[in-house]
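The values are calculated or read from the model by the stated rules, or taken from the named source; none is laboratory data. The model shown is predicted, which means the values in this text are computed figures rather than measured ones. Because the Cβ atoms are built from the backbone with ideal geometry, glycine has one as well, and the counts that use them run over all protein chains shown. Heavy atoms of the whole protein, side chains included, go into the accessibility calculation; ligands, DNA and RNA do not. Shrake-Rupley method; radii C 1.70, N 1.55, O 1.52, S 1.80 Å.
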Amino acid sequence: DHERNHELIRRARESREPGTYEQRFLRPDKSTSYYHSTFQGRYDEAGDLIAIVGTVLDITDRQKAERQTRISELRYRRLFESAKDGSLILNRDTGEILDANPFIETLLGYPSPDLLGKHLWDIGLFKDQLLSKVAFEELQTRQYIRYEDLPLETRDGRKIEVEFVSNVYPLDSRT
């Protein structure tokens, strides 16, 4: 790419700082490759640019893995957001609500900002705060809990009974 080469030479001359860029290449077999390049200008005693030196690293596998991760995250985000079951994602250690899906927001009448960063026992979802803390401790110990008819209270004070199933899932090499 001649335009990119001219831009690199201009940047090397003006900034005298090392640079990096990523570029996509079309291979002769029509497949696409991705490269990460670093470069730095070399100058003579008069300060004139005499060479640009650098490295090129094939990052095709990394690009493909990142793309697959984005696709997977999007799939699970769509599943979470479109589920007709209420879902909360909690911090395993603290019980802090990290995420809430739209169904539980509608069911209980609490918008996400009113849920995020709080604990189940802080926002009045569960009728009995002590039961909430005990259930959370049981979840931490057993890594699974299930209640047939757990009483919840909506934002407007209505009482509803729900089946409550909670699991602990590993994240970032820890449970």
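Going from most exposed to least, what order do TYR144, TYR76 have by accessible area with a 1.4 Å probe?
Details: TYR144 85, TYR76 150 Å².
Sorted descending by solvent-accessible area, the residues read TYR76, TYR144.
Element breakdown for the range 1-114 at a 1.4 angstrom probe: carbon and sulfur atoms account for 50% of the accessible area.
With a 10 Å cut-off between alpha carbons and a GNM built on the chain, which of VAL53, VAL165, VAL134 moves the most? Fluctuation is largest for VAL53.
On a per residue basis, the chain carries 71 Å² of accessible surface, using protein heavy atoms and a 1.4 Å probe. Summarising the label geometry, the points placed 7 Å from Cα in the beta-carbon direction at ASP85 and LEU107 lie 0.9 nm from one another.
The lysines within cross-link reach of LYS133, meaning a Cα-to-Cα straight distance under 28 Å and a gap of 8 or more places when in the same chain, are LYS84, LYS118, LYS159. Computed log10 I(q)/I(0) for the chain at 0.09, 0.15 Å⁻¹: -0.58, -0.88, from the Debye equation with unit scatterers placed on every C-alpha and solvent omitted.
Which GluC sites (Glu not before Pro) does the range 5-95 hold that lie in a coil by DSSP with at most 10 other beta carbons within 10 Å? Walk me through the numbers before you get to the answer.
Working: sites: GLU7, GLU14, GLU22, GLU45, GLU66, GLU73, GLU81; in loops: GLU45.
When the GluC sites (Glu not before Pro) of the range 5-95 are filtered for loop state and at most 10 Cβ neighbours within 10 Å, GLU45 remain.
Going by alpha carbons, how many degrees (0 to 90, nearest 10) lie between the helix axis of 60-82 and the longest principal axis of the chain? Roughly 20 degrees between the two axes. Is the shape of the range 72-116 rounded, prolate or oblate, going by the alpha carbon gyration tensor and its root eigenvalues a ≥ b ≥ c, with a/c under 1.5 for rounded and a/b larger than b/c for prolate? Because a/c hits 1.5 or more and a/b fails to exceed b/c, the range 72-116 counts as oblate.
Strictly greater than 19 Å: what percent of every Cα pair in the range 10-112 meets that?
Working: 3569 of 5253 pairs.
Beyond 19 Å sits 68 percent of the P(r) for the range 10-112.
For the pair ASP149 and ARG10, the difference between a 0.36 nm per residue extended length and the Cα-Cα distance amounts to 43.1 nm.
Against the chain, whose longest principal axis is taken from its Cα atoms, helix 2-15 shows a tilt of about 90°. Legend: residues TYR147, TYR169, sorted from most to least accessible area (1.4 Å probe; ligands, DNA and RNA excluded), read TYR169, TYR147.
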